[in-house]
Amino acid sequence: MLGSLEILLLVLFPVLMAYAAASDLLTMTIPNRLSLALIAGFVLLACLGGLGTHAVLLHLAAGGAVLAVTFAMFAFGWIGGGDAKLAAATALWLGFGSLADYLFIATLAGGVLTLGILALRALPLPGFALGWAWLSRMHDRRSGVPYGIALAAAALAVYPQSEIWTAALAR
């Protein structure tokens, strides 16, 4: 039977990912407090969940590596700052073991999302949707793509194969 720690471990990450996707869809922002909650949640659960020091260091290295790359991408204007922080905090949870799968799925999901938004922008919005600020923003050709949706979807797809998920179920 799963204890409260295991349930928290299995639920916290997916809830925060769902919040990231919804926030990016509706506001085109991913709040800093979300990335901080992911980091704090990982630290808490790594300590309480018995993740070894070596494993924690590898997870920190994965998060740091992704932060370095995504920060450079942000500096070039290729992605938003929230996306960079979300990807790094997600890599912290997933570690190197799931990182390649996460990045591959995020790339595919981001491509599909971008194509969908481009198709949306090629059509006029229906009258009933004109008052929806989030959809009007999405429809605006000068607006970006809420890539946090793709990042969150990829994270949720990969999370069940991650080391931290496996460790929670093994307890």
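The values are calculated or read from the model by the stated rules, or taken from the named source; none is laboratory data. Since the model is a prediction, treat every value here as computed from it, not as a measurement. Note that each Cβ is placed from the backbone with ideal geometry, even for glycine, and that neighbours are counted across all protein chains shown.
Here are some conditions: (1) part of a helix (DSSP H, G or I); (2) surrounded by 13 or more Cβ atoms within 10 Å (Cβ to Cβ); (3) not hydrophobic (A, V, I, L, M, F, W, C). Thr107 meets all but one. Which one does it not meet?
(2)
Here's a check for you: in the range 32-50, which residue that is surrounded by fewer than 16 Cβ atoms within 10 Å (Cβ to Cβ), at pLDDT 95 or above and not hydrophobic (A, V, I, L, M, F, W, C) is nearest to Leu113 (Cα to Cα)?
Among them, the one singled out is Asn32.
Inspect the range 134-152 for any residue being in a helix (DSSP H, G or I), surrounded by fewer than 16 Cβ atoms within 10 Å (Cβ to Cβ) and not basic (Lys, Arg) and give the result as yes or no.
Yes; the residues of the range 134-152 include at least one that is in a helix (DSSP H, G or I), surrounded by fewer than 16 Cβ atoms within 10 Å (Cβ to Cβ) and not basic (Lys, Arg).
Please verify whether the range 45-56 includes one or more residues that are within 23 Å of Ala153 (Cα to Cα) and free of Cβ contacts under 8 Å to residues at least 12 places away in the same chain.
Scanning the range 45-56 turns up no residue that is within 23 Å of Ala153 (Cα to Cα) and free of Cβ contacts under 8 Å to residues at least 12 places away in the same chain.
Answer yes or no: is there a residue in the range 91-106 that is touching a residue at least 60 places away in the same chain (Cβ under 8 Å), under 27 Å from Gly3 (Cβ atoms) and within 13 Å of the chain's Cα centre (by Cα).
Quick first cut of the range 91-106, residues touching a residue at least 60 places away in the same chain (Cβ under 8 Å) only: 93-95, 97-98, 101.
Filter again for under 27 Å from Gly3 (Cβ atoms), leaving 93-95, 97-98.
Checking which are within 13 Å of the chain's Cα centre (by Cα) leaves us with 93-94.
Yes: the range 91-106 contains one or more residues that are touching a residue at least 60 places away in the same chain (Cβ under 8 Å), under 27 Å from Gly3 (Cβ atoms) and within 13 Å of the chain's Cα centre (by Cα).
Search the range 4-27 for residues being of a type in the set (S, T, N, Q) and in contact (Cβ under 8 Å) with a residue 40 or more places away in the chain, and hand back the single one that is surrounded by the fewest Cβ atoms within 10 Å (Cβ to Cβ).
Thr27
So, in the range 64-94, how many residues would count as being closer than 17 Å to Ala46 by Cα and buried (at least 24 other Cβ atoms within 10 Å of the Cβ)?
6
Filter the range 153-171 down to residues that are more than 19 Å from the chain's Cα centre (by Cα) and surrounded by fewer than 19 Cβ atoms within 10 Å (Cβ to Cβ) and give me whichever is farthest from Ser4 (Cα to Cα).
Among those residues, the one meeting the criterion is Thr166.
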